[in-house]
Amino acid sequence: MPQPTLTKLQIAKGLWTGRLSGTDEAEPALEITHLDQPVPDTRLTQDPTSPGNWQLEVPIPAAALCEGVQTILIRHRPSGALLDRITIVTGAPLEDDLRAEIDLLRAELDMLKKAFRSHCAEGEG
């Protein structure tokens, strides 16, 4: 199965928009999460002028607008591949972007732990 590519188009008025391409799935299965919870009201629509291309719209949840660094992860569910991340920094200005990277690493570690536990549970049964 080919791994799709997600390209950010813009972020405006609280809506992140991107183009998903390189997939032959009838409807690509994406997982969009913030703090390991699904982001509501995301929309994936097929581009009628370009077969195999999709437009993804992710509304930035109010819960992501709080002090510090927040990360929204966009994954391709079948492969588990991280397609993109939306990093939101609010509050006091940061000298560098290390906190965003640490937040991403935490999210990746949580995803790996969940996948490992699932894999172990399948092996027992």
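Computed from the coordinates by the stated procedures, all read-outs in this text should not be read as laboratory data. This structure is a prediction, so every number in the text was calculated from the model and none was measured.
Couple of notes before you dig in:
- Over the chain: helical MRE at 222 nm, DSSP H runs n ≥ 4 each giving -39500 (n - 2.57), nearest 500: -7500 deg cm²/dmol
- Note, ³J(HN,Hα) from phi for region 41-55, Karplus 6.51, -1.76, 1.60, rounded to Hz, x at Gly and Pro: 6, 6, 10, 10, 10, 6, 7, x, 8, 9, x, x, 10, 10, 9
- Relative contact order for region 20-125, counting Cα pairs under 8 Å that sit 6 or more residues apart, in percent: 22 percent
- The chain, Cα convex hull volume normalised per residue, Å³: 127 Å³
- Integer Hz, Karplus 6.51/-1.76/1.60 couplings in order for region 72-84, x for Gly and Pro: 9, 9, 10, 10, 8, 4, x, 9, x, 6, 7, 8, 6
- Gyration tensor verdict on region 11-73 (Cα atoms; rounded if a/c is under 1.5, prolate if a/b is larger than b/c, oblate otherwise): prolate
- Under 5 Å, built H, 5+ apart or other chain: amide partners of L15: I60
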